[in-house]
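Right, one structure below, let's go through it.
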Amino acid sequence: MHNHHHTKYRNIILFVVGFIVAILLFRIPGFKLFIQSIGGLGYLGAFIAGLLFVSTFTVAMSSIILATLSQSLPVPLVILVAGIGAVIGDLLIFRFIKDNVADDIMPIYNELVNRSHIRKIIHTKYFSWTLPVMGTIILASPLPDELGISLLSLSQIRLLRFLLISWASHTLGMSIMVGAINFL
């Protein structure tokens, strides 16, 4: 039998620990230089920047790398390769959320839905499209991808559609960010 008490908050604890580690890394003087050196890897650096773009904790690192790359490589190709990296990063998060975090969130979600009139609202045809739309908007914004991916996961979106949404959202978001950096 699975011991639920030992794993109940495991993923939430990992999330908080990851946030603390990210803050500590940014306080190390040589770390920013290391992040800039990834920009010297060309398209591999763009792919890595895409992987880093999907997390709130690493989006700043990704922005530095993309800004560095946009000075020496064609921006559309940098964004294309970074978008592929972002899709892979989101896929890893999607799988993690589907396989692990959903176990933590679903009891809370079910409790809220079953104890209120929210259940009737959620199961209407007008509401069914809002979770994917909100998730897509969050993926394109600087808000945590984990939140957007959670909403998409709750909507039981198909994997191919999720991958397309992820790529389009991140490509748009990175294009705006690189455009703004180059404009300044």
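When region 143-167 is filtered for residues that are of a type in the set (Ser, Thr, Tyr) and under 20 Å from Thr58 (Cβ atoms), the ones remaining, listed by number, are Ser150, Ser166.
Inside region 58-95, residues that are closer than 22 Å to Leu163 by Cα, surrounded by fewer than 16 Cβ atoms within 10 Å (Cβ to Cβ) and not aliphatic (A, V, I, L, M) make up a count of 2.
Residue-wise test of (1) loosely packed, with under 13 Cβ neighbours inside 10 Å; (2) at pLDDT 75 or above; (3) more than 23 Å from Asp90 (Cβ to Cβ).
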{"residue": "Gly30", "(1), (2), (3)": "yes, yes, yes"}
{"residue": "Gln36", "(1), (2), (3)": "no, no, yes"}
{"residue": "Ala46", "(1), (2), (3)": "no, yes, no"}
{"residue": "Thr56", "(1), (2), (3)": "no, no, no"}
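The values are calculated or read from the model by the stated rules, or taken from the named source; none is laboratory data. Computed from a predicted structure; not experimentally measured. Note that we place each Cβ from the backbone using ideal geometry, even for glycine, and neighbour counts take in every protein chain shown.
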